[in-house]
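Before any comments, here is the structure.
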Amino acid sequence: MNEELVLLKRRTARLSVVSNTSLVVFKLLVSWQTGAVSILSEAAHSAVDLLAALIAWAAVRKSDLPPDERHAYGHGKIENLSGAIEAVLIVVAAVGIVWEAVQKLNQQHMPEDLELGLAVMALSIVVNWLVSGKLMAVAKTTGSQALEADAMHLRADIWTSVGVLIGLGLIYWTGLPWLDPAIALVVAVIVFRAGWKLTKNSFAELTDISLPAEEETRIAALVQTHPEVLSLHRLRTRRSGSYRLLDMHVVLGKDLPLENAHAICDQLEAELKDVFAPCDVIIHMEPCTVATEEFACAGCTQCERR
């Protein structure tokens with residue numbers, strides 16, 4: 001990955017840390033002032049987002065380090081691991097919110113200074129909407145799972161903030177104190193759902209799940225645009241942080257000079273890296289005489305089997 005993209009990832013991760021720190025402080029102060037458990041649950045959610053942002057910031061700094069003697073494939077898996085840690089933290093936060101909300105249901109405490117609570121929730125929605133949009137855009141540009149996970153956290157926070165905002169408004173107009181912990185329970189369900197989804201995605205990446213089928217189809221199509229490539233098989237793909245790792249077997253003409261065959265594979269690697277960057281490509285060459293019924297070279301005029 002070029003230096004410009006690396007710096008972009010780091011700046012964006014740092015932006016998330018700053019915004020989440022500010023929101024946690026504001027929400028904690030307002031929850032203490034109002035006594036609203038729904039705002040406290042939002043503060044807890046933002047605290048998890050802050051921890052996730054810190055993990056993402058550390059992950060993107062470490063994951064882009066070049067390969068070394070102990071990490072021949074680079075450090076990309078650190079991003080996948082950070083996503084799994086963030087997912088667990090989200091689930092823990094959801095459980096904590098449920099615990100606090102159940103306690104408040106029994107106490108029936110009426111929050112105070114609700115106008116202040118409404119203001120901080122509105123501010124949280126605007127800030128998270130702007131920051132999550134930036135995070136997701138950079139995540140798609142750089143292929144960063146850590147930034148994508150961070151963006152998903154903030155988007156979940158937006159919806160929970162909207163729910164809390166509506167709930168505080170209802171409490172303000174109806175005077176029903178039980179709405180406060182009830183809203184917190186709804187927030188917990190949303191947070192848990194986001195955590196569960198992220199957990200599945202993170203562990204899938206850690207267990208080397210293949211790239212999406214549409215990406216593998218595009219890879220195969222690009223390779224087979226070269227007329228010298230008679231067949232492609234044993235395509236294997238996975239992700240390591242921002243990097244796609246690809247390896248494949250290509251069948252070339254049996255009389256093709258080694259120098260020419262090597263040049264063809266170099267060209268294929270360059271094109272794949274240009275389209276699917278950042279990625280690492282390994283190509284195993286095979287002569288057409290090893291063709292079997294499994295991958296017959298349709299249209300080939302060089303093979304003895306024809």
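Taken over region 186-230, the residue count meeting the criterion of being over 27 Å from residue 82 (Cα atoms) and aliphatic (A, V, I, L, M) is 7.
Condition check ((1) crowded, with 18+ Cβ neighbours inside 10 Å; (2) modelled with pLDDT of 70 or more; (3) farther than 19 Å from residue 196 by Cα) across all residues:
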{"site": "32", "(1), (2), (3)": "no, yes, yes"}
{"site": "72", "(1), (2), (3)": "no, no, yes"}
{"site": "77", "(1), (2), (3)": "yes, no, yes"}
{"site": "92", "(1), (2), (3)": "no, yes, no"}
{"site": "95", "(1), (2), (3)": "no, yes, no"}
{"site": "130", "(1), (2), (3)": "no, yes, yes"}
{"site": "141", "(1), (2), (3)": "no, yes, yes"}
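None of 147, 118, 170 is assigned to a helix (DSSP H, G or I), over 30 Å from residue 62 (Cβ atoms) and open to solvent by less than 80 Å² (accessible area, probe 1.4 Å) except 118.
Among the residues making up region 201-230, those that are without any contact (Cβ under 8 Å) to a residue 12 or more places away in the chain and outside any helix (DSSP H, G or I) are 207, 212, 224, 225, 227.
For region 191-200, the criterion of being surrounded by 18 or more Cβ atoms within 10 Å (Cβ to Cβ), at pLDDT 90 or above, among the aliphatic types (A, V, I, L, M) and part of a helix (DSSP H, G or I) is met by none of the residues. Taking region 235-244 as the range and being touching a residue at least 24 places away in the same chain (Cβ under 8 Å) and open to solvent by 30 Å² or more (accessible area, probe 1.4 Å) as the test, the residues that pass are 236, 238, 239, 243, 244.
From the list 235, 211, the one residue that fits, being within 30 Å of residue 254 (Cα to Cα), modelled with pLDDT of 75 or more and among the aliphatic types (A, V, I, L, M), is 235.
When you go through 205, 228 one by one, which is the residue that is open to solvent by 30 Å² or more (accessible area, probe 1.4 Å) and touching a Leu at 6+ places or on another chain (Cβ under 7 Å)? Every option except 228 fails the conditions. Return yes or no: is residue 250 part of a strand (DSSP E or B), under 34 Å from the mean Cα position of the chain (by Cα) and buried (at least 22 other Cβ atoms within 10 Å of the Cβ)? Judged against the criteria, residue 250 is a match.
The values are calculated or read from the model by the stated rules, or taken from the named source; none is laboratory data. Keep in mind the model is a prediction, meaning the values are calculated, not measured. With ideal geometry, Cβ positions are generated from the backbone for all residues, glycine too; neighbour counts draw on all protein chains shown. Keep in mind that these areas ignore ligands, DNA and RNA; they rest on the heavy atoms of the full protein, side chains included. Shrake-Rupley method; radii C 1.70, N 1.55, O 1.52, S 1.80 Å.
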